[in-house]
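A short reminder: the numbers here are calculations on the coordinates, not readings from a lab. Note that the coordinates shown come from a computational prediction; the quantities given were computed from them, not determined experimentally. Ideal geometry is used to build each Cβ from the backbone, glycine not excepted, and the neighbour counts take in all protein chains shown.
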Amino acid sequence: MSKATTAPVLGLVDFMRQKRREACPVCKLPQEVREQLATASDKGITQKYVLEWLRTTVGVPITKDELTGHRNGRHDE
């Protein structure tokens, strides 16, 4: 008889983090775009221009509230 292996159980905090990220349009962006977003404020790029870039260049109409929610929710951590 072989022993059944069980996958580790996902903790409640990790489960909720995963659920928030599933609903976040910023989390759905390609990794390269998210990396640029993560360093934008360090480079002095305002949210106004980040949103314009996402809309016109990346082609994704992310709203101010969605971007703020992503950052405040620390989805990249």
(request) Return only the number of the condition from (1) assigned to a helix (DSSP H, G or I); (2) under 16 Å from the mean Cα position of the chain (by Cα) that R74 does not satisfy. (result) (1)
(request) Identify all residues within region 25-42 that are assigned to a loop (DSSP other than H, G, I, E, B) and either under 18 Å from G69 (Cβ atoms) or over 10 Å from the mean Cα position of the chain (by Cα) (or both); write none if there are none. (result) P25, V26, C27, K28, L29
(message) For region 1-37, give me each residue that is aliphatic (A, V, I, L, M) and in contact with a helix residue (DSSP H, G or I) (Cβ under 9 Å, 6 or more places away or on another chain).
(response) L10, V26, L29, V33, L37
(request) Answer yes if at least one residue in region 40-63 is in contact with a helix residue (DSSP H, G or I) (Cβ under 7 Å, 6 or more places away or on another chain) and under 19 Å from E77 (Cα atoms), and no otherwise. (result) yes
(request) Could you grab me the full set of residues in region 19-77 that are of a type in the set (S, T, Y) and surrounded by 11 or more Cβ atoms within 10 Å (Cβ to Cβ)? (result) S41, Y49, T63, T68
(message) Against the definition (of a type in the set (D, E, K, R), in contact with a Gly (Cβ under 7 Å, 6 or more places away or on another chain) and not in a loop (DSSP other than H, G, I, E, B)), how does R55 come out, yes or no?
(response) no
(request) Run I45 past the list (1) in a loop (DSSP other than H, G, I, E, B); (2) in contact with an Asp or Glu (Cβ under 7 Å, 6 or more places away or on another chain) and report the number of the one that doesn't hold. (result) (2)
